[in-house]
Amino acid sequence: ATSWRSDVVGKGGFIDAPTQEIIVSAEFVKDTLVVYFERSTWQLVYTNNETLPFVWQKINTELGSESTFSIVPFDRGALGIGNYGIITTDSVNVVRIDEKIPDEVFQIQNINNGVKRVSGIRDYNSQLVYFSYPMKVDEDGESTTYTLTYPNQVLVYNYLDHSWAEFDDCFTCFGYWQRFSDVTWANLPVSWQSRTAAWNSQVFQGRYPDVIAGNQRGFVLVFSQLEDLGQNVPSIPISDITTASYTITAPDHNFVNNQYV
């Protein structure tokens, strides 16, 4: 009960950030804690002063983050979804990296806590970053406005050549996973003739760090480079069928109007 007392020297304390914005996310960049607020970015800097050991310093006054789980750490910075663009922070500057797709961040749905559902992760072997988010407008038809609850798009960033791609899929979160043993011919669910990767590829090793993704139904998918081992199942659970009204009930399906199944 007395391990933290702001009124007793040596028992801890606090220092308020000089802003009315709420803290959305945070990430270490080397030995500096970068803190993302709604519309600005700050860092908590060590002063080596026993009286005031830490102080707040503003890095950027207009670029912050509205998506807690979008921050992806790198060795020289942290990348994430900001309020006005996709940003990277090195504890000195905050800059946009989405010049090729400047309007994409504004396609993220704001209602139904859309910005809070954005999730990001780094795929080290593929040298990619994945962002999952709910898209507001059908960019292909340019006529349909969605009202989604869960993400329906995956934005992929190649941080070597700074290119972007977009895929239709529904993932609510990302993570990492390692299989316990090597992949052998006995447990590979495809014929060896159909394999395109070399058999001595690192992806067949046990403890290889695969990216995994989960969805709103509680299923988990492995983003494996073993192709068929990472393929999403082309089906969705159905809980009820009413023949009188031609109604199929599939909870949390995330389909949109006029989408064919």
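Results, tabulated for the structure shown:
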quantity	calculated
Yes/no for ARG122 being under 23 Å from VAL35 (Cβ atoms) and touching a Pro at 6+ places or on another chain (Cβ under 6 Å)	no
Subset of segment 72-129 (residues that are acidic (Asp, Glu) and within 12 Å of the chain's Cα centre (by Cα))	ASP123
Test result for GLU38, surrounded by fewer than 20 Cβ atoms within 10 Å (Cβ to Cβ), in contact with a Lys or Arg (Cβ under 9 Å, 6 or more places away or on another chain) and not polar (S, T, N, Q)	no
Checking LEU63 against (1) within 23 Å of VAL115 (Cα to Cα); (2) aliphatic (A, V, I, L, M); (3) in a loop (DSSP other than H, G, I, E, B); (4) open to solvent by 40 Å² or more (accessible area, probe 1.4 Å), the condition it does not meet	(4)
Residue pairs meeting the criteria (Cβ under 7 Å; at least 6 apart or on separate chains; first open to solvent by less than 60 Å² (accessible area, probe 1.4 Å), in segment 191-220; second outside any loop (DSSP other than H, G, I, E, B) and among the small types (Gly, Ala, Ser))	ILE212/GLY175
Within segment 31-46, considering residues that are part of a loop (DSSP other than H, G, I, E, B) and at pLDDT 90 or above, the one farthest from PHE14 (Cα to Cα)	ARG39
Options SER132, SER126: the member that is among the small types (Gly, Ala, Ser), closer than 24 Å to VAL261 by Cα and either at pLDDT 75 or above or open to solvent by 70 Å² or more (accessible area, probe 1.4 Å) (or both)	SER132
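Per-residue answers, yes or no, for (1) under 23 Å from the mean Cα position of the chain (by Cα); (2) more than 13 Å from ASP90 (Cα to Cα):
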position: VAL24; (1), (2): yes, yes
position: PHE28; (1), (2): yes, no
position: VAL35; (1), (2): yes, no
position: GLU50; (1), (2): no, yes
position: PRO53; (1), (2): no, yes
position: GLU62; (1), (2): yes, yes
position: SER65; (1), (2): yes, yes
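The values are calculated or read from the model by the stated rules, or taken from the named source; none is laboratory data. For clarity, every value in this text was computed on a predicted model and none was experimentally measured. Note: ideal-geometry Cβ built from the backbone for every residue, glycine included; neighbour counts use all protein chains shown. Surface areas here come from the heavy atoms of the whole protein model, side chains and all, with no ligands, DNA or RNA. Shrake-Rupley method; radii C 1.70, N 1.55, O 1.52, S 1.80 Å.
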